[in-house]
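The values are calculated or read from the model by the stated rules, or taken from the named source; none is laboratory data. Given the structure is predicted, the values throughout are model-derived calculations rather than measurements. Positions of Cβ are generated from backbone atoms using ideal geometry, with glycine treated the same way; all protein chains shown enter the neighbour counts.
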Amino acid sequence: MSRIHPRPSLRRSAVAVAAAGALMLTGLTGCSAIDSLTGNDDPSAAPSATPTASETPYDSQFTRDGTFQSHINIDNLDFVYTLYPTKSTPRTNEWYPKGKKYFSFTFQAYDLDRDLRDPFRTKRKVYLDRIRVTSQVVTYDGSTSGEKPYSLDAVAKNVTFDPEPLSTKYGMLITSPKGAFELRNQAIRPTSMDTKGLNLFFTATVWMERRAGTGSFVKKKVSQKVPIAIFKSDQPTQAQSIPVDAN
């Protein structure tokens, strides 16, 4: 589950290149693009067909690229949200109002004050206490409905994929490379037929160490909006049957 973070001057570009490279490898090998972080039984086995800008009803990096990744800098700690469709509904250009759509996501923190091979004890620890996600449906007339096809409000250590995360009274450790939050196969419920897109709003309550090794922490909230396009169709989104031993 660990992930090596690049040197400070190259971090953002390297992460972007790594993400792009991972997606390319997905198409070439048929294996997960995010296996190094999440294991090999969940992300989409094949890249989504990429719709053109004119075909896409709602502007969405997630829909266009088949993944979403954001970097939020707070006090030179890089908080990274990563979302991707699962093998159940891998083609994001075939996400329709009817039927459930499945995604997974991870959340991790990187201390940008430290170098690649610096000992972990020299890096500021970050703990994730709660994770909250709300949703909003956007219709073709430009309004938002009262539908909430996905929601989550939980203590992070109780729902993360790792059954035994490193935890303290502040929550679970998410500082790379020793910890990360991961949630798999989350279902977005069906919505009204005039849906053109939906927004997911993520809010993580974290405790950030002021200086490495001090044990003094400050509480922050880290928020991110993720737009997702929903395409017109009378057919439901098709969920694929995945063999238990599928890679």
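Please find, among 33, 18, the residue that is small (Gly, Ala, Ser) and either modelled with pLDDT of 95 or more or surrounded by fewer than 20 Cβ atoms within 10 Å (Cβ to Cβ) (or both).
Values: 33 fails: either modelled with pLDDT of 95 or more or surrounded by fewer than 20 Cβ atoms within 10 Å (Cβ to Cβ) (or both).
Going through 33, 18 in turn, the sole match is 18.
Among 209, 164, 147, which is without any contact (Cβ under 8 Å) to a residue 12 or more places away in the chain and either over 30 Å from residue 87 (Cα atoms) or not β-branched (Val, Ile, Thr) (or both)? Spell out the reasoning first.
On the way: 209 fails: without any contact (Cβ under 8 Å) to a residue 12 or more places away in the chain; 147 fails: without any contact (Cβ under 8 Å) to a residue 12 or more places away in the chain.
Among 209, 164, 147, only 164 is without any contact (Cβ under 8 Å) to a residue 12 or more places away in the chain and either over 30 Å from residue 87 (Cα atoms) or not β-branched (Val, Ile, Thr) (or both).
Among the candidates 133, 138, which residue alone is touching a Gly at 6+ places or on another chain (Cβ under 7 Å), in contact (Cβ under 8 Å) with a residue 40 or more places away in the chain, farther than 30 Å from residue 213 by Cα and not charged (D, E, K, R)? Spell out how you get there, then give the answer.
Details: 133 fails: touching a Gly at 6+ places or on another chain (Cβ under 7 Å).
Step by step, each of 133, 138 is checked, and only 138 is touching a Gly at 6+ places or on another chain (Cβ under 7 Å), in contact (Cβ under 8 Å) with a residue 40 or more places away in the chain, farther than 30 Å from residue 213 by Cα and not charged (D, E, K, R).
Only one of 219, 157, 196, 225 is surrounded by 14 or more Cβ atoms within 10 Å (Cβ to Cβ) and either in a strand (DSSP E or B) or under 16 Å from the mean Cα position of the chain (by Cα) (or both). Can you tell me which? Even if it seems obvious, please write down each step before you answer.
Details: 219 fails: surrounded by 14 or more Cβ atoms within 10 Å (Cβ to Cβ); 157 fails: either in a strand (DSSP E or B) or under 16 Å from the mean Cα position of the chain (by Cα) (or both); 225 fails: surrounded by 14 or more Cβ atoms within 10 Å (Cβ to Cβ).
Residue meeting the stated conditions: 196.
Residues being within 30 Å of residue 208 (Cα to Cα) and either of a type in the set (Phe, Trp, Tyr) or buried (at least 17 other Cβ atoms within 10 Å of the Cβ) (or both): count how many of those fall in the range 52-105.
Of all residues in the range 52-105, those within 30 Å of residue 208 (Cα to Cα) come to 61-62, 67-85, 103-105.
Remaining after also requiring either of a type in the set (Phe, Trp, Tyr) or buried (at least 17 other Cβ atoms within 10 Å of the Cβ) (or both): 62, 67-69, 77-85, 103-105.
Qualifying residue count for the region: 16.
Starting from residues that are surrounded by 14 or more Cβ atoms within 10 Å (Cβ to Cβ) and at pLDDT 95 or above, keep the ones in the range 228-247 and report whichever is farthest from residue 203 (Cα to Cα).
Out of the qualifying residues, it is 233.
Can you tell me which residue within the range 170-193, out of those that are outside any strand (DSSP E or B) and of a type in the set (D, E, K, R), is farthest from residue 133 (Cα to Cα)?
Filtering the range 170-193 for residues outside any strand (DSSP E or B) gives 170, 174, 176-180, 189-193.
Those left that are additionally of a type in the set (D, E, K, R): 178, 189.
Working: 178: 24, 189: 14 Å.
Within the range 170-193, the match that is farthest from residue 133 (Cα to Cα) is 178.
Report, by residue number, each residue of the range 119-138 that is β-branched (Val, Ile, Thr) and either surrounded by fewer than 17 Cβ atoms within 10 Å (Cβ to Cβ) or under 14 Å from residue 200 (Cα atoms) (or both).
Just the residues of the range 119-138 that are β-branched (Val, Ile, Thr), to begin with: 122, 126, 131, 133-134, 137-138.
Across the range 119-138, the qualifying residues are 122, 131, 133, 134, 137, 138.
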